[in-house]
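Note sheet for the following structure.
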Amino acid sequence: MKALVVGASGFLGANLVRALLARGDAVRALVRATSRLQALDGLDIERVTGDLNDADSLTRACEGVRVVYQTASYYPPHTIPAASATAQAMAETRNLLTAVRRASVERLVFTSTLTTIGFPAGPGRMANEECPFVPRYPHNPYLMSKAAMEQAVLEAARDGLPAVVVNPTAFYGPYDSKPTSGTQIVMIARHLMPAYIQGDVNAIDVRDVAVGMIKAAERGRVGERYILGNWNTTQKELNALIARVAGVMAPLAPVPYPLARYGSKLGDWAFRTILRRPAPVPGFFVEMLRHMQNYDCSKAIRELDYPRNPVEHAIRDALRWFRENRYLPA
């Protein structure tokens, strides 16, 4: 079977490509002309250049494949108006959906995010796929654009497009070349994270997410979303695990969320008005953490039967990869 991975050079995409190759699938990898291809070195794949803003390149990339995996949906580059972010996200999503329709693809697996999962109705409950998105911060470009993209895909599925949505939780592991979630691992290993923002989190090995996406293509019900997660914990416990595996001291100082949010807003303003450049930790990212919670993954476990390996293994393999690629001292 031939599959197209959109965003194949990214963290999730690179692990998905490897999972597809391991089961004998032919893989077409869509990458941008400016993409770093370090994570795809040595793989027997067909590379094609394209962009979600280039409808023609998407149409060509989708031709002749049975399954399309979207792992590179829009992410705001910095703090911008939510309306601008949503407009850009929707343009890219419409291009992808049009290309999938034209190519008569058998299945689209669209990677959304955990923040589109809403909050449970009562105390003591965990969030699941039935919890509707309710933004606590309607001016947040990340939250609003991600919710709009997911809704567009689900609406297309109701109109007959064979699409399934997956909502991975916080994933860790090798080939995080940017890095993304691996920034947390690198900072702790380098003793650069003395404090952390309090809150709940669910963590999973990125390779388990990749297998879950393949299972979603095979078994997932069209028009459904599936939370791909594993370990419900807290930021404090996750940081402690990372530190233990890295052999360093864990971050000690918890920062209350309200203080972190207001500090990030002040940082946005200072960088924008004084330094004339985006803040390194944008305010919208800190607000995104408020939407993270513990999740009930039983629907995806039951219907997709994806693996859930210990997160410790993912962190250990991530550290090894970062050292081998000189993000960390050997």
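The values are calculated or read from the model by the stated rules, or taken from the named source; none is laboratory data. Please read all numbers here as calculations on a predicted model, not as lab measurements. We place every Cβ from the backbone using ideal geometry, glycine too, and count neighbours over all the protein chains shown.
Annotation: of all residues in the stretch 84-116 being small (Gly, Ala, Ser) and touching a residue at least 40 places away in the same chain (Cβ under 8 Å), the one that is nearest to Arg66 (Cα to Cα) is Ala103. All conditions but one from (1) more than 21 Å from the chain's Cα centre (by Cα); (2) charged (D, E, K, R); (3) at pLDDT 95 or above apply to Arg28; the one that does not is (1).
Residues that are within 30 Å of Met1 (Cβ to Cβ) and β-branched (Val, Ile, Thr) number at least 1 in the following helices (runs of 4 or more DSSP H) confined to the stretch 166-259: 206-219. Scanning the stretch 283-310 for residues that are over 20 Å from Ser112 (Cβ atoms) and surrounded by 17 or more Cβ atoms within 10 Å (Cβ to Cβ), we see that the one that is modelled with the highest pLDDT is Val286.
As a summary of the residue check, Arg136 satisfies the conditions (1) of a type outside the set (Val, Ile, Thr); (2) assigned to a helix (DSSP H, G or I); (3) touching a residue at least 24 places away in the same chain (Cβ under 8 Å); (4) surrounded by fewer than 21 Cβ atoms within 10 Å (Cβ to Cβ) except for the one numbered (2).
Does Asp44 count as in a loop (DSSP other than H, G, I, E, B), more than 15 Å from Leu108 (Cα to Cα) and either more than 21 Å from the chain's Cα centre (by Cα) or not β-branched (Val, Ile, Thr) (or both)? The answer is yes for Asp44. All conditions in (1) farther than 19 Å from Val164 by Cβ; (2) in a helix (DSSP H, G or I); (3) not hydroxyl-bearing (Ser, Thr, Tyr) hold for Leu97, with the sole exception of (1).
Thr234: surrounded by fewer than 21 Cβ atoms within 10 Å (Cβ to Cβ), polar (S, T, N, Q) and at pLDDT 95 or above, yes or no? Criteria met by Thr234. Residues in the stretch 16-55 that are of a type in the set (S, T, N, Q) and touching a Lys or Arg at 6+ places or on another chain (Cβ under 9 Å): Thr49 only. The residues listed here are Pro123, Pro135; of these, the one that is modelled with pLDDT under 95 and under 21 Å from the mean Cα position of the chain (by Cα) is Pro135.
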